[in-house]
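Worksheet: one structure, shown below.
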Amino acid sequence: MREFLSLVSRPVRYLGQEINAVRKDPDQVKLRFCLAFPDAYEVGMSHLGIQILYSILNGKKEVACERVFAPWVDMERVLREKRSPLSSLESSIPLDRFDILGFSLQYELSFTNVLNMLDLSGIPFFSKERDDRFPLIIAGGPTAFNPAPVADFFDAIVLGDGEEVVVEICDVALQWKESRGRREELLKSLAQLDGVYVPLFHQEGDRVRRRLVSDLNHAPFPICPVVPYMRVVHDRLGVEIARGCKRGCRFCEAGFIHRPYRERSPGTIHEILNASLKQTGYEEVSLLSLSAGDYSSIGPLVSTLMDRFESKKVALSFPSLRIESVMAHLAEEVKRVRKTGFTVAPEAGTDRLRRVINKEMDEGILLQGLADLFSKGWKNVKLYFMLGLPTETEEDLRGIIDLSKRISLIGARQRIHPNINVSVSTFVPKPHTPFQWESQISLEEIKERLRFLKDESRRNRLRFKWQDPRLSFLEAIFSRGDRNLSRVLVEAHRLGCRFDGWSDQFNYPLWLEAFGKAGLEMEHYTRKRNFEEALPWSFIETGIKPTFLWEEYQRGLKEKTSPPCQEGSCRRCGICDGRTLRLEEGLRDQIQSSSKKVARGGIRRKGIKKKVRLRFTKKGEIRFLSHLELAHLFHRASKRADLPLCHSEGFHPMPRIVFATALPVGLESLMEVVDIELEGRITPLEVMERLNAALPQGIRITGAEEVPFSSSPSFIHDRSIYWIPLDHLLSREDAVIKIKEALEKDELVIDQERKGMRRSVDVRPLIESMEVVDKGQEWGEPGGWGIRLVFRNDGRRAAKPSEIVEAVLGLEGETLAQCKVIKLK
């Protein structure tokens, strides 16, 4: 796919070659495994599971693991036009040449992307249609806990934790390859593994128990995660501090399928972060858990982490917190570097409805906690709610508005005027939860309740965000669907459904058409179920007794709460045996004592400041990085190189790294300039050597010098010189004539689009000279010809070299996109 990078909008999605990416020689390994994520790169590379499995698989000498993500619609169009197959990032190997293709199923509305990726690879959709010529197609992830809608597409589906079973799958596949057995024999062997469901051999009455990693401290965790070049959805270093949840919210599938609650020890967390930050250069760490505030030593852990990383300007963040979870203490610690956002999930607007869903929350504590947060200077707070919960009334909906308004008023009284973002999603009854038998309210009812909330939010000047109710409706259908839905998915894909979770790509009428052609009623899947009904996912044993889930459902309808999981002899749900549930609270004293040691010497003393000017080249495929991505790359490379960076003051401290010019995407350069402000005794030569060791291939520091602080890098560029090879795109004679005609004009007006706005610009004054020259004349190398363009930088108007080529030579479309531009100086 790298041949087509110049033809798509975000080429960095397909570059590969990221920091810490692993590229083994495919011919030197015995098994080729490709991790496939059926969504865009920026979504997939935010997922911790991909990083964990990638590290585990590449840790096996005989296995090469690569990655592939769903190509965006523009890349799909190019692949189909060029009849080129979808291929992996690391080695550009077409997917049908791998031994195993493993899909991560995180969201029901990515199912059509799975089919699209198979289609682009020439791989049949249905398992029964594939023979030994095709890879083994497997899947795992949370949506696999009801595999029925997609079961016919996969050879095997992993249920539960993947760290151990993925190695066992590879071992079985290696043995099968060595024995040269039949595909049927491989599937039968996989079916014998705990936690592996093989639809082809599954008989009625068979049970599959999910896999469980009992001790996170012994589970492998990556310390060299792949660092994307582009800004991904969760652009930070994530470390899982706990798995599962103790709370038992009755709507939450993740809380039940990941039981029992398990913590990673503080010591292990410190080891992971110390190693990972050195290898990645991240400036923010996220402590990942379904409820990070429930971590038994969260306060001392955060204190010691901030003691250790404050001097390196590494910030801490949390995905979501319960307000009573020592929030005031956490806020005080976190703000030592940067006030990252706080997210609180009341879920419902009234205490009554929170009792129904088993989400106990004292509103008094909530309001006091947020008052403390605002008093410490916090402005950004996200509130998450759900609508359509069982027994919900208009009073509960009004409660969402009233609670949000009260929170906003607390900040206003303190003269903070906080940014309160109220986000509402629609309740989806999920498998393996107490509400799995509940119905989802009708699509029209969802729309009506959303209208009410939108009107009330507007009236009360609240920032209100919501999810398209049609997405939630489809999510509910596929969450609780059966194997008949595979026909719908195939038809929806044929009609053109892709990236259904993206609002700009979602096409609901096509889904209506697909269901109509399959002869299935959508409402059949969102109806209420009874306890005796056989559910499509009933054969999966999560370890939780179905009778416990039903009893919890009934308690919810009676507005009765249940206690959280308890350490020790709790046997309520049936999953714990008294040995696997350990909260490790005894380590708290150990953390506090180490905190005192770190606090005394952890802060870096400020030294002499200096500004170092670096000259560097940007060549090869790395030219497809945008200016912002390049700036981000230099920041993290500087942190990996352990350079003593100077930072700005204020709410969001940023490194003082300033580029002379912003290089357009796709343009190579032999001479760029960037200034970096540093402190301490470090020479320009040391800066250059350290950075070159940390920068990726394609970027090379060629010179370094100390300059006065008053010297600005932008002042040294009054003009730029470009070389544009054209011998393969048009005739030399045509180029000479067109250049002569353009330069004889007094004006050369072009239409530009910048940030969605169109404007007309006269670029003739910017062109100092433009001439056809031989490659040997410009480069000292024989063969070929091109254009030497000298461009003035007047500071008032600007244009890209490609825009000049288009205006002067008339090149456009694919021809213009493939025109290579090299900045000489």
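The values are calculated or read from the model by the stated rules, or taken from the named source; none is laboratory data. What you see is a predicted model, and the numbers here were worked out from it, not measured in a lab. Using ideal geometry, Cβ is built from the backbone for each residue, glycine included, and neighbour counts are taken over all protein chains shown. Surface areas here come from the heavy atoms of the whole protein model, side chains and all, with no ligands, DNA or RNA. Shrake-Rupley method; radii C 1.70, N 1.55, O 1.52, S 1.80 Å.
Here are a few things to note about the model shown:
- Pairing residues of segment 551-574 that are assigned to a loop (DSSP other than H, G, I, E, B) and of a type outside the set (A, V, I, L, M) with residues that are at pLDDT 95 or above and open to solvent by 40 Å² or more (accessible area, probe 1.4 Å), at Cβ distances under 8 Å and at least 6 apart in sequence or on separate chains, gives GLU559/ARG352; GLU559/ARG355; GLU559/THR391; LYS560/ARG355; THR561/ARG355; THR561/ARG555; SER562/ARG555.
- Counted residues, segment 609-642 - those being closer than 24 Å to ALA275 by Cα, over 22 Å from the mean Cα position of the chain (by Cα) and crowded, with 21+ Cβ neighbours inside 10 Å: 1
- Pairs with Cβ under 6 Å, 6+ apart, first in segment 96-112 and farther than 17 Å from ARG183 by Cβ and in contact (Cβ under 8 Å) with a residue 24 or more places away in the chain, second polar (S, T, N, Q) and open to solvent by 10 Å² or more (accessible area, probe 1.4 Å): LEU105/THR143; GLU108/THR143
- Hits in segment 1-47 - residues which are in contact with a strand residue (DSSP E or B) (Cβ under 9 Å, 6 or more places away or on another chain), part of a loop (DSSP other than H, G, I, E, B), open to solvent by less than 40 Å² (accessible area, probe 1.4 Å) and of a type in the set (A, V, I, L, M): MET1, ALA21, VAL29, ALA40, MET45
- Within segment 698-739, if we keep just the residues that are acidic (Asp, Glu) and at pLDDT below 85, the residue that is farthest from LEU663 (Cα to Cα) turns out to be ASP727.
- Condition check for VAL233: open to solvent by 10 Å² or more (accessible area, probe 1.4 Å), of a type in the set (A, V, I, L, M, F, W, C), under 27 Å from PRO147 (Cα atoms) and in a loop (DSSP other than H, G, I, E, B): yes
- Selection from segment 679-710 of residues that are under 33 Å from the mean Cα position of the chain (by Cα) and either assigned to a loop (DSSP other than H, G, I, E, B) or over 26 Å from GLU18 (Cβ atoms) (or both): LEU695, PRO696, GLN697, GLY698
- All positions within segment 421-435 that are more than 10 Å from GLY388 (Cα to Cα) and open to solvent by 10 Å² or more (accessible area, probe 1.4 Å): ASN421, SER423, LYS430, HIS432
- So SER91, is it part of a helix (DSSP H, G or I), of a type in the set (Ser, Thr, Tyr) and open to solvent by 20 Å² or more (accessible area, probe 1.4 Å): no
- For segment 406-457, residues that are in contact with a helix residue (DSSP H, G or I) (Cβ under 8 Å, 6 or more places away or on another chain) and assigned to a helix (DSSP H, G or I) total 17.
- Count of residues meeting criterion [closer than 25 Å to TYR295 by Cβ and either in contact (Cβ under 8 Å) with a residue 60 or more places away in the chain or touching a Pro at 6+ places or on another chain (Cβ under 7 Å) (or both)] in segment 196-214: 3
- Hits in segment 188-207 - residues which are under 32 Å from the mean Cα position of the chain (by Cα) and of a type in the set (A, V, I, L, M, F, W, C): LEU190, ALA191, LEU193, VAL196, VAL198
- Failed item, numbered, when ALA275 is tested on (1) open to solvent by 10 Å² or more (accessible area, probe 1.4 Å); (2) farther than 26 Å from PRO142 by Cβ; (3) in contact with a helix residue (DSSP H, G or I) (Cβ under 7 Å, 6 or more places away or on another chain): (3)
- Within segment 740-792, tally of residues that are at pLDDT 85 or above and assigned to a helix (DSSP H, G or I): 7
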